[in-house]
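The values are calculated or read from the model by the stated rules, or taken from the named source; none is laboratory data. If you're wondering where the values come from, they're calculated on a predicted model, not measured in any experiment. With ideal geometry, Cβ positions are generated from the backbone for all residues, glycine too; neighbour counts draw on all protein chains shown.
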Amino acid sequence: ISVLAELLRPFAGIEAGDLAPILIHRFGTIDRMLAATDSQILEACGELNEVGQMIAGARALVLASLQETVTRAKVDPDDASFANYLSLKLGGRPHEELPAIFVDQVGGFIAEELISIGGIGRVDAKVSVIIRRSIELAASGFYLVHNHPSRCPNPSPEDVRSTKQMASVARALEIDLIDHFVIAGRNVVSMRRLHLL
């Protein structure tokens, strides 16, 4: 709470000490607060709407900066900025989300799109949507990313089954499912490195 209060001081002034425990109570951690939607942040700030807007704006700037780093070059899962971007974007979400990152033949970024939003413990990978977008974007491959609000980084049996099914369909159309990352807080786990893909 004291760390968050110090971070909020430029935005909230003397109100920072009162707002920090409210935000921690609402979101649990600073990570989860940063990964919350703008409307969730504004709702949590209550009457301090202007402060909520500044927090959302500051978070958007950081995320845009990280996204710019990711989108200007070849997508490289070993690059720390890539992992930072994914964990900041999804690590604190209270529900599962499944974005896909589409790349060209040399791994260059084409687009990132949210494919599905699920509940606390499940999100549906919509094979037809991902394959259709790959074809529309002339992508030669894609990465899947989804978060575990439980903060357990281990892919579930359902994660493994649906990923293998998606990879099989994509391969038949000469599209490569390059990797599937599970985000759990600050942890970014590669299903390919776990030999699950």
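Report the residue count in segment 142-177 for those that are surrounded by fewer than 20 Cβ atoms within 10 Å (Cβ to Cβ) and either in contact with a Phe, Trp or Tyr (Cβ under 6 Å, 6 or more places away or on another chain) or part of a strand (DSSP E or B) (or both).
1
Restricting to segment 76-134, and then to whatever is basic (Lys, Arg) and modelled with pLDDT under 85, can you tell me which residue is nearest to Ala184 (Cα to Cα)?
Let us first name the residues in segment 76-134 that are basic (Lys, Arg), namely 89, 93, 122, 126, 132-133.
Still in the list and also modelled with pLDDT under 85: 89, 93, 122, 126.
On the way: Lys89: 11, Arg93: 10, Arg122: 14, Lys126: 21 Å.
The extreme case among them is Arg93.
Every residue in segment 1-29 that is in contact with a Gly (Cβ under 8 Å, 6 or more places away or on another chain) and either in a helix (DSSP H, G or I) or without any contact (Cβ under 8 Å) to a residue 60 or more places away in the chain (or both), please.
Selection gives Ala5, Ile22, Phe27.
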